[in-house]
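These notes are about the structure you will find just below.
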Amino acid sequence: MDDDATLPLHDFRVLTLALNVPGPIAAARLVELGASVVKIEPPSGDPLAQVCPDWYRALTRRQEIIQLDLKSSANRSRLAQLLKPCDLLLTASRPGTLVRLGLDWPTLHQRHPLLSQVAIVGFPGQQADLPGHDLTYQARLGLLNPPALPRTLVADLAGAEQTVSAALALLLARERNGKGGYRQIALSEAAAIFAEPMNYGLTLAGGKLGGGLPEYNLYKTRKGWIALAALEPHFWQHLQQVMEVNTPEQTALTQKDLAQYFLARTAVDWERWGEDHDMPIVALKESFNEQ
């Protein structure tokens, strides 16, 4: 790891009240960039620590964790003291809660004019007090395939990265104009970006990247499945050449051709074959468990 003094956020101080997933991921990224992070948790702790303790420990590495009951006026006063030397505050509470704690942006900016804030919310603007979670954002956008639950947390992960981008922009602006700034990150909008390929038809069933191209598809093998992504013309042409299955009458392989061809070996063998032939072929992770 680089010496902390050479990292871009060296000497920047961040205080985070953001629990669960987006806030902790964003805070961990800021630590990687050299920031010093103090994490405030309620006496019951961060729910992520109960649900997934290993991930929680990974995300809070190199952070100072302080538990405060912010229902107590004494602890709110301590929080105010902790904020004084900070450059950035991360929150993930509904706006109404922040108002009750005196952490809404107008109040915060008046008390700490050099401090910037990134507020993670579920929905933008006037809807920011509405409840929601990653699952409901994906459901509204049509990103689910019931009854299967999503394999990853699209809104939370995207929201975390947007939070980091917003934090960096605010800190840069503060360095230029000497004033703290505010940004709101709505997880529903962060998830909406991931629905765009589907909304434009690219990844819908039968779309160019939704099964409509033989060169960009999933194939069953003798054991396990592979992902083939020979999307660029030179990959696709090279694949047809090295397979040596073309005839003068057939100038391009079909999905049926490939489906039959890939049954000849296991998924792991095809991945090795792809490496040998500079071809983007990867065995699905589950295929390695079947060996």
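The values are calculated or read from the model by the stated rules, or taken from the named source; none is laboratory data. Remember, predicted model here, so these are calculated numbers, not experimental data. Note that we place each Cβ from the backbone using ideal geometry, even for glycine, and neighbour counts take in every protein chain shown.
Figures for the structure shown
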read-out	value
Any hit, segment 178-188, residues being in contact (Cβ under 8 Å) with a residue 40 or more places away in the chain, within 14 Å of the chain's Cα centre (by Cα) and part of a strand (DSSP E or B)	yes
Residue satisfying all of: in segment 256-290; within 15 Å of Lys220 (Cα to Cα) and not in a helix (DSSP H, G or I); modelled with the lowest pLDDT among these	Glu290
Residues of segment 176-223 satisfying the condition of being surrounded by fewer than 15 Cβ atoms within 10 Å (Cβ to Cβ) and of a type in the set (A, V, I, L, M)	Ile193, Leu202, Ala205, Leu218
Subset tally (residues that are crowded, with 18+ Cβ neighbours inside 10 Å, over 13 Å from the mean Cα position of the chain (by Cα) and of a type in the set (Val, Ile, Thr)) for segment 1-32	3
Any chance Leu209 is within 29 Å of Pro22 (Cβ to Cβ) and in contact with a Ser or Thr (Cβ under 6 Å, 6 or more places away or on another chain)	yes
Filter result for Met243 (over 27 Å from Leu143 (Cβ atoms) and either surrounded by 13 or more Cβ atoms within 10 Å (Cβ to Cβ) or at pLDDT below 95 (or both))	yes
Hits in segment 221-245 - residues which are in contact with a Ser or Thr (Cβ under 7 Å, 6 or more places away or on another chain) and part of a loop (DSSP other than H, G, I, E, B)	Thr221, Arg222, Lys223, Gly224
Criterion: over 19 Å from Ala28 (Cβ atoms), assigned by TED's automatic domain parsing to the domain that holds Glu32 and either touching a residue at least 40 places away in the same chain (Cβ under 8 Å) or assigned to a loop (DSSP other than H, G, I, E, B) (or both) - qualifying residue of Ala205, Ala191	Ala191
Unmet requirement for Thr107, which otherwise passes all of (1) within 21 Å of Glu189 (Cα to Cα); (2) in a helix (DSSP H, G or I)	(1)
Matching residues in segment 110-141 - criterion: being surrounded by 15 or more Cβ atoms within 10 Å (Cβ to Cβ) and either in contact with a Cys (Cβ under 7 Å, 6 or more places away or on another chain) or farther than 24 Å from Ser188 by Cα (or both)	His112, Leu115
The lone exception for Tyr56 - which of (1) under 19 Å from Ile120 (Cβ atoms); (2) touching a His at 6+ places or on another chain (Cβ under 8 Å) it fails	(2)
Condition broken by Ala58, with the remaining ones in (1) surrounded by 17 or more Cβ atoms within 10 Å (Cβ to Cβ); (2) in a helix (DSSP H, G or I); (3) in contact with a helix residue (DSSP H, G or I) (Cβ under 9 Å, 6 or more places away or on another chain) satisfied	(1)
Filtered residue count, segment 79-96, keeping only those that are surrounded by 15 or more Cβ atoms within 10 Å (Cβ to Cβ) and assigned to a helix (DSSP H, G or I)	4
